[in-house]
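Report on the structure given below.
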Amino acid sequence: MTVLPANTTRDEDSDVVVPRRRPWRWVGTVVSVLIVAAVANSFLTNPNYQWDVVATYLFDPRILDGLLTTLQLTVVSMVLASALGLLLAVMRLSRGRLPRGAAGVYIWLFRGTPVLVQLILWYNLAILVPSVSIGIPFGPTLFSAQTNTIITPWTAAILGLALNEAAYLGEIIRSGIVSVDRGQTEAANALGLSRVDTFRRIVLPQALRVTVPPASNEAIGLLKYSSVVSVIALPELLYSGQLIYARTYETIPVLLVVCIWYLVVVTLLTLLEHWLERRLGVGFRTGAGGDANPRKGRWARWWSGNH
Amino acid sequence: MVVRQPLTPTEQPLVQLRGIRKRFGSHEVLRGVDLDVDTGQVLCLVGASGSGKSTLLRCINHLERPDAGRVLVGGELVGYVERDGRLHELPESRIRAQRAGIGMVFQHFNLFPHLTVLENVVTAPMRVLGYSRSAAEATAHDLLARVGLAPKVDAYPRSLSGGQQQRVAIARGLAMRPRLMLFDEPTSALDPELVGEVLDVMRGLAADGMTMIVVTHEMGFAREVASQVAFMSEGLIVEQGPPQDLLVAPRHERTRAFLSKVL
């Protein structure tokens, strides 16, 4: 044990703590830079990528049409699936056995079968149900149509993607709702808030906060697996590319074009996710200041090791 | 400092519990509790953990549904209506209306973390009592000033200390203009140095004549502020009386044993 004499006068600077050295961080940096350089070198110098061909197809109207179809499919399916998913989550958490069971069966069925099969079934619905009519059961018919006139590739694609996605989102939203502390509902009850107000104003905003990251994963997944609708001949982004290289054999450059566009959209979705997370995370940030800016210093924190 | 509705000129106690029973599984938590609390009284419920204090408190605003017995607040049955000599559970909307007149403060504050302090206080008055935003905010500003948190109206709960959060929770309860306030171990989750500021606010409320039922382990507070202290053990109120009697000269053996441990 070292005992310091009480009256020792020491240089004050000698008490300032020197941060621990982190040599492996520098090794990692060097390795990463080397890998990035090698990959970049291959991309830029290997003529087989045919960047000139990529450039000609990047804004090709067929590709842009396909991109638009992909975006429409993703947005419409995601919106419908979110609404239906919320309903499924609430049903699964309800006290009634019937809604709980119905939602459970729905999720079991739609999560348990391949989306590819679901799409084909929707597209060929006319084989199963030749005509659709809406009316009072055993009473007058209000609306009737041939199934084939309602089910276009587009409606079949939306039905297939949205109904399938709703099953997944339902479970994600349910887990978010369950994660909200019971004390929140109790406090709202004690104040006399109605069930609707308690859910909408107290529980749901807190549930959505934890729902955003997995739901964003789903949105990105949906964006990409929407390409399975090519089986019902709907030309979305990937299928549009396939139609092009089937004729020209410029497989790699056209697929690069497709990937570039997917990456662009995924980047935008990621930005949207960060924005949503920040909005719903208000009041939840760790550290005292509720107004601390979480974006600032993300990299600075990494470097300084204060994760 | 006016927070209370005018006193109803009734002779009967504000809160009357008769034969309250509650069982969780095979464990009978409450075994037929009777209790009266007069308007303006402060009743402190004390006893070892597991004795049923919190459950009893939660039966008063029907957060917990008693298996048997009657809860009357202001002469009105809470949670039930009597028809043909039997108790029938009320529809949820009626129970919520009854709860709105009974404030409750929880051990873990249970503030709404996604809302600012001000929104925490104004939400229920606006949604339940139909106050306009300006009226609700005016009340909220008054109440937050009373609990010493005027500068924190726009802060989020997580950025406040435990003592500050609990004071916001008290203001949130008072904003509903309750005629009864329930406190469920309001200082048990606080660091020792923050207990005083919460007890000060509660002392002020008591001095204003608010009827309060307080589950607490703070014997000092009970001695100083309570008009009645009730000691609970194994699901029953064993002994009840003014603090100077019960805390100083307990008659029951179990009360004596408990007090010897906590005083």
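The values are calculated or read from the model by the stated rules, or taken from the named source; none is laboratory data. Please read these numbers as outputs of a predicted model, since none were measured by experiment. Note that each Cβ is placed from the backbone with ideal geometry, even for glycine, and that neighbours are counted across all protein chains shown. Calculation scope for accessible area: heavy atoms of the full protein, side chains included, ligands and nucleic acids excluded. Shrake-Rupley method; radii C 1.70, N 1.55, O 1.52, S 1.80 Å.
General remarks:
- Number of residues in segment B:49-66 that are part of a loop (DSSP other than H, G, I, E, B) and of a type outside the set (Ser, Thr, Tyr): the value is 8.
- Of all residues making up segment B:160-173, the number that are within 12 Å of another protein chain (Cβ to nearest Cβ) and surrounded by fewer than 20 Cβ atoms within 10 Å (Cβ to Cβ): 1
- Filter result (at pLDDT 95 or above and open to solvent by 100 Å² or more (accessible area, probe 1.4 Å)) within segment A:1-34: A:Leu34
- For segment B:185-204, filtering for residues that are surrounded by 22 or more Cβ atoms within 10 Å (Cβ to Cβ) and within 12 Å of the chain's Cα centre (by Cα) leaves 2.
- Of everything in segment B:83-112 that is surrounded by fewer than 22 Cβ atoms within 10 Å (Cβ to Cβ) and at positive phi, the residue that is nearest to the other protein chains (Cβ to nearest Cβ) is B:Asp84.
- Applying the set (1) open to solvent by less than 20 Å² (accessible area, probe 1.4 Å); (2) within 14 Å of another protein chain (Cβ to nearest Cβ); (3) under 21 Å from the mean Cα position of the chain (by Cα) to A:Ala190 leaves exactly one unmet item: (3).
- For segment B:113-136, taking the residues that are among the polar types (S, T, N, Q) and surrounded by fewer than 21 Cβ atoms within 10 Å (Cβ to Cβ), the one that is farthest from the other protein chains (Cβ to nearest Cβ) is identified as B:Ser134.
- Failed condition for A:Leu223, given (1) surrounded by fewer than 19 Cβ atoms within 10 Å (Cβ to Cβ); (2) more than 14 Å from chain B (Cβ to nearest Cβ): (1)
- Scanning segment B:137-159 for residues that are open to solvent by less than 60 Å² (accessible area, probe 1.4 Å), within 12 Å of another protein chain (Cβ to nearest Cβ) and assigned to a helix (DSSP H, G or I) turns up B:Pro157, B:Ser159.
- Exactly one residue out of A:Ala157, A:Ala126, A:Ala145 is at pLDDT below 95 and part of a strand (DSSP E or B), and it is A:Ala145.
- Yes/no for A:Pro235 being over 19 Å from the mean Cα position of the chain (by Cα), at pLDDT below 95 and open to solvent by less than 10 Å² (accessible area, probe 1.4 Å): no
- A:Val196, sole failed condition from (1) within 14 Å of another protein chain (Cβ to nearest Cβ); (2) surrounded by 13 or more Cβ atoms within 10 Å (Cβ to Cβ); (3) free of Cβ contacts under 8 Å to residues at least 24 places away in the same chain: (2)
- Test: residue in segment A:97-108 that is more than 30 Å from A:Thr70 (Cα to Cα) and aromatic (Phe, Trp, Tyr): no
- Residue check for A:Leu263: more than 24 Å from A:Ala157 (Cα to Cα), more than 14 Å from chain B (Cβ to nearest Cβ) and under 24 Å from the mean Cα position of the chain (by Cα): no
- Selection status of A:Ile244, of a type in the set (A, V, I, L, M, F, W, C), away from chain B (no Cβ under 13 Å) and open to solvent by 10 Å² or more (accessible area, probe 1.4 Å): no
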